[in-house]
1. What is the dipole size for region 16-83, taken about its Cα centre, with +1 at each Lys and Arg Cβ and -1 at each Asp and Glu Cβ, in debye to the nearest 20?
2. Among Leu175, Phe144, Thr159, which residue has its Cα positioned farthest towards the positive end of the charge dipole of region 132-176, with +1 placed on the Cβ of Lys and Arg, -1 on the Cβ of Asp and Glu, and the dipole taken about the Cα centre?
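Read-outs throughout are calculated quantities, based only on the coordinates presented, and are distinct from any laboratory measurement. What you are looking at is a predicted structure, and each value in this text was computed from that prediction instead of being measured. Quick reminder, even Gly has a Cβ in these numbers, built from the backbone with ideal geometry, and neighbours come from all protein chains shown.
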Amino acid sequence: MDEEDLTALMVDYQAGALAAFERLYARLAAPLRQYLRSLTLNPATAEDLLQEAFLQIHRSRHTYRPPLPVEPWAFSIARNVYRMDRRSAGRRRRHEVPAEEDAPEIPVPAAADGLAGRLEVRRALVRLPSEGREALLLHHVWGFSFGEIGGLLGIRGGTAKLRAHRALTALRSVLGGGDHDSE
């Protein structure tokens, strides 16, 4: 389903078509779930936040303005849900470190193929700073432009590109491939 189809579904959903919401959910749930898992590093929390994100999408559906892309709008809502959850969790979560076996199944960026096995890449991604990991995954896994990432994260596109590049460099270093300099 391309962006035009998503836009048409969103317009139908804004007009009250329940079937359009079901199709939007079917299309957006998996990438939003993966995104939230990459932020939370906890599958159960990510699932809870996914449900909250779709509740917020429902509540905010009137704010969507066609023909703007639906995916960045939905990812932005999911990120805000994550940030609100993190703020409300307070200090308790800041000091927790996830066990390696609790690391989520984070999609491996194409640029990391061949550097190491899937488990090593997952472990390395968990070790990256969250802001760099987020920019890296948004660009290399979910295919957002750096301008879209900048808008989603509230930073300039150039800053998003820099974060993704630094995260990719750190990922290569952690995986023992620090001598690569391509992108």
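1. Details: 9 positive and 5 negative charges, 40 e Å.
Dipole size: approximately 200 debye.
2. Ranked along the dipole, the leading option is Leu175.
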